[in-house]
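Here the structure comes first, spelled out in structure tokens, and everything after it is commentary.
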Amino acid sequence: MAHEKYIITRRAFAVGALASAAGASHALAQSITPGSTIGPFYPAGYRGETDADLSRIAGHTERAKGQVIEVMGRVLDRNGNPITGAKLEIWQANTHGRYAHPEDVATMPLDPDFQGFATIHTGSDGSWKITTIKPGTYDSPIGYRTPHIHMDVSGMTSRNIMQMYFADEQEANAVDGLYRELGDSAPLSTAKALGDHRYGWDIVLIEG
Ligand SMILES: [Fe+2]
């Protein structure tokens, strides 16, 4: 097994070296989206809806509280090729900054109309889209958290767990320790505000 891993690592290295050799002339070369901790609130025991609209639950008359937003983008490999059928697991806090998770002992209210979790797959052009609620901020054992959405993204051969931030939350982002740790790569983890409560974020995996 260790040997296999070594070969994969060497292959990834070779691909990287080729990409660098191509240099700036390879217009489509992409920077890989930074990874992040899965955090304590991954909904391992979740048994509810997983569709792309997190703001509504079938049979509920009320929609989730908070600002409804759309988030969309593509999943690409580092050469800029779209990844078809990539799986995205998505989870986030509600508008009050509370996760519907037994580990979240915060006193902010739960929202019974908020789905909080989704599993979606990219289309043939690598695109994905969700409708959700702008997540609230919260205080955690590691400090203040700016609004963010967690994603666990798998292509055929690579996977990365990441957090997506919002470009229109600069003040909150600036005081979030995890965001600050991203340093110069923060823009790769930050969704652009497209106006009208829509956000765009392309995810780049190391390989397809
Ligand atoms: Fe979180």
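Measuring spread by the Cα atoms of region 42-165 yields a radius of gyration and Dmax of 14.8, 45 Å. Along region 136-147 the Karplus relation, 6.51 cos²θ - 1.76 cosθ + 1.60 evaluated at θ = phi - 60°, assigns HN-Hα couplings of x, 7, 7, 9, 10, x, 9, x, 4, 10, 6, x Hz to successive residues, with x for each Gly and Pro. 3J(HN,Hα) couplings calculated from phi for region 37-51 with the Karplus curve 6.51 cos²θ - 1.76 cosθ + 1.60 (θ = phi - 60°) are, in sequence order, 4, 5, x, x, 10, 4, x, 4, x, 5, 10, x, 5, 10, 6 Hz; Gly and Pro show x. Let me have the relative contact order for region 133-208, percent, based on Cα pairs under 8 Å that are six or more residues apart. Relative contact order, region 133-208: 27 percent. Straight Cα distances below 12 angstrom link Lys87 to the aspartates and glutamates Asp152, with same-chain residues fewer than 8 positions distant left out.
Please list, in order, the residues from region 57-96 whose amide nitrogen is less than 17 Å from a point placed 7 Å along the Cα→Cβ vector of Ile161. The answer is 87-93, whose backbone nitrogens lie closer than 17 Å to the label point. For Lys134, the aspartates and glutamates whose Cα falls under 15 Å of its own Cα, not counting residues fewer than eight places away in the same chain, are Asp53, Glu70, Asp111, Asp113, Asp168, Glu169, Asp196.
Could you work out how far helix 2-22 tilts from the main Cα principal axis of the chain, as a 0 to 90 degree angle to the nearest 10? Tilt relative to the chain: about 80 degrees.
Charge tally for Phe41 (other residues, Cβ to Cβ under 9 Å; Lys, Arg +1; Asp, Glu -1): -2.
Per residue, the accessible area of the chain comes to 53 Å² when a 1.4 Å probe rolls over the protein heavy atoms. When the convex hull of its Cα atoms is viewed from all sides, the chain shows a mean projected area of 13.2 nm².
When only Cα pairs below 8 angstrom with a gap of at least 6 residues are kept, the chain shows a relative contact order of 27 percent. Counting only protein heavy atoms and a probe of 1.4 Å, the accessible surface of the chain is 56% carbon and sulfur.
What do you reckon, how do Asp125, Asp176 stack up by accessible area (1.4 Å probe), largest on top?
From most exposed to least exposed: Asp125, Asp176.
The values are calculated or read from the model by the stated rules, or taken from the named source; none is laboratory data. Owing to the predicted nature of the structure, the values given are computational and were not obtained by experimental measurement. Here Cβ is always computed from backbone atoms with ideal geometry, including for glycine, and neighbour counts include all displayed protein chains. We work out accessible area using only protein heavy atoms, side chains counted, and drop any ligands, DNA or RNA first. Shrake-Rupley method; radii C 1.70, N 1.55, O 1.52, S 1.80 Å.
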